[in-house]
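Comments concern the structure below.
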Amino acid sequence: MATSPSRPRLKPIHPAYRLDDRVFRIGAQLGITAEFDDPEHHLWSLVAALDGRPLPDVIQAVQRQFPELTEQDVLDGITLLDQEGFIEESFPGAESGIGARYRASVNYFSRFIGVAGDRFAPQRRISGSNILLLGLGGGGSNILTLLAGLGPASVTIVDHDVVEEGNLGRQLLYREADVGRSKALAAAGAIAQMNSDILIDARQQRIDSVEDIAALLPGKDLVISAIDEPPFVAQRIVNKAIVEAGIPCVFAASQVSRGRVFTVLPGQTGCFDCLNVHYSQRDPQFVSQFAAFSELGFDPPSIAYGPSVFILTATIVDEATRVLTGYAPPRSLGTQFEVNFEDGSAFAHPSWPRLPDDCPTCGNGDPATWEVFGHYLQQV
Ligand SMILES: [Zn+2]
């Protein structure tokens, strides 16, 4: 332990319980539970003292019971429990700063944060974040609902559409009375009732160009892109704008019974056009396949089934939270993280690298070198 904790405590999210006179356990979830063989009850006495009292009092309490133990013995016990992920700094008084509202989120983050960290830090980061959310359809409207619960400082929401009756099966932010209203305005009204701390900037506008997005980016910490029209072109437009502005973006893509998430950290991970170049280099069928699909102009009916949409949007918002706060490593950096609604599985595709020499968008490449870009229906 680099520095000693001030008031270490057993994380309240984990139970500690004796199995018999030798063995005790902490945790009750598969993958988290650890069993300790502790015939002399040294560690158990430490666990009992780890209630948030000052470290010297913890040491004193253990030594009162077992005078033969040194201060270093107690510190070693704390290190052991920390390595198992069971203790945290208690930070008395910090609860009131976050308020009751986000306490459960803080408790969740505490699972990932040890005694040297601060379980409140992810929530503080969220609470100070300004997010641009593109699209308020099946993806975006449910993403916004989840963001309302997490409580960022502001969300700028953009959609040109109006609410239709056929949206109500999965876009649960909207009410029957919203049918015919602007999605952006209806969403703003709903969020104002759900979390009045969030500043909402609602824009009823179409996204047609890189400039449209660039105008919305100043001051933003993160973009979530839930637009897919025009197909593929939308992703290229968003990608170019966020790369130029240097702002991370989490992209959502929905398929038939699977959905994907990928994240671009400009200058660090491969961007969407690096993906185009990478596949052009690696997959001999990629360009012809893309050209055929692009020319087809395939416009499928909506197949967004509410429960599936919820799984995907929850994955996206958790990914956005990971990118913003680092509470756990993001799963979609330079890779497409795919969620399969049919069997509940998820996996990451092979990753693609950033290609600074070849990518025309985040690097020094020439788009004319890569045939694929000529097959996009709109140039960006
Ligand atoms: Zn790139």
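The values are calculated or read from the model by the stated rules, or taken from the named source; none is laboratory data. Everything quoted here is computed from the prediction, not taken from an experiment. With ideal geometry, Cβ positions are generated from the backbone for all residues, glycine too; neighbour counts draw on all protein chains shown. We work out accessible area using only protein heavy atoms, side chains counted, and drop any ligands, DNA or RNA first. Shrake-Rupley method; radii C 1.70, N 1.55, O 1.52, S 1.80 Å.
Secondary-structure-derived ellipticity at 222 nm for the chain, considering helices only, amounts to -11000 deg cm²/dmol, per-run term -39500 (n - 2.57) for DSSP H runs with n ≥ 4.
Restricted to Cα atoms, the stretch 56-150 shows a radius of gyration and a Dmax of 19.5, 66 angstrom.
Considering the options Val62, Phe36, Ile126, tell which one lies farthest towards the positive end of the dipole of the stretch 1-146, charges being +1 on Lys and Arg and -1 on Asp and Glu at the Cβ, about the Cα centre. My answer, from the dipole projection, is Ile126. The 1.4 Å probe gives accessible areas that order Ser254, Ser129, largest first, as Ser254, Ser129. The listed residues Leu216, Leu296 rank as Leu296, Leu216 when sorted by accessible area, largest first, using a 1.4 Å probe. Based on C-alpha pairs under 8 angstrom that are at least 6 apart in sequence, the stretch 215-301 has a relative contact order of 21 percent. Which residue, Pro230, Pro56, Pro301, tops the fluctuation ranking in a GNM of the chain built on C-alpha contacts under 10 Å? Among Pro230, Pro56, Pro301, the largest mean-square fluctuation in the Gaussian network model of the chain belongs to Pro301. When the Cα positions of Leu136, Gly270, Phe298 are compared along the charge dipole of the chain, Leu136 comes out farthest toward the positive end, with charges on each C-beta of Lys, Arg, Asp and Glu. The convex hull built on the alpha-carbon positions of the stretch 1-71 has an orientation-averaged projected area of 5.4 nm². Against the chain, whose longest principal axis is taken from its Cα atoms, helix 233-245 shows a tilt of about 60°. According to the Cα-based calculation, Rg over Rh for the stretch 8-117 is 0.98, with Rh computed by the Kirkwood formula. Using C-alpha pairs below 8 Å separated by at least 6 residues, the relative contact order for the chain is 13 percent.
For the stretch 257-372, dividing the convex hull volume of the Cα atoms by the residue count gives 124 Å³ per residue. Once the convex hull of all Cα atoms in the chain is built, its volume per residue stands at 165 Å³. Comparing Val323, Val233, Val223 in a Gaussian network model of the chain, where Cα atoms under 10 Å apart are tied by springs, the biggest mean-square fluctuation is seen for Val233.
The charge dipole of the chain, taken about the Cα centre with unit charges on the Cβ atoms of Lys, Arg (+1) and Asp, Glu (-1), comes to about 700 debye, rounded to the nearest 20.
Surface listing: Asp38, Asp357, Asp212 arranged by accessible area from highest to lowest gives Asp357, Asp212, Asp38, probe 1.4 Å. Show me the trypsin sites (Lys or Arg not before Pro) within the stretch 179-232 that DSSP assigns to loop and that have at most 13 other Cβ atoms within 10 Å of their Cβ. Sparse-neighbourhood loop trypsin sites (Lys or Arg not before Pro): Arg206.
Taking the inverse of the mean reciprocal distance over all distinct Cα pairs, the Kirkwood hydrodynamic radius of the stretch 161-251 comes to 14.5 Å. Relative to the current alpha-carbon distance between Leu172 and Ser288, full extension at 0.36 nm per residue lengthens the span by 37.8 nm. Here's the list of lysines a cross-link from Lys240 could span, going by alpha-carbon distance under 17 Å and ignoring same-chain residues fewer than 8 apart: Lys220. Take the Cα of Glu95, step 7 Å toward its Cβ, do the same at Gln255, and the gap between the two points is 4.6 nm. Within the listed set Gly169, Gly270, Gly344, the Gaussian network model of the chain (springs between alpha-carbon atoms below 10 Å) gives the highest mean-square fluctuation for Gly344. In the context of the full set of protein chains, residues of the stretch 1-144 present 48 Å² of accessible surface per residue (probe radius 1.4 Å, heavy atoms only). Counting 0.36 nm for each residue step from Gln60 to Arg124 and taking away their Cα separation leaves a gain of 19.6 nm. Across the stretch 93-140, counting alpha-carbon atoms alone, Rg and Dmax equal 13.6, 41 Å. Extension gain, Arg206 to Glu342, is 45.7 nm, computed as 0.36 nm per intervening residue step minus the present C-alpha separation.
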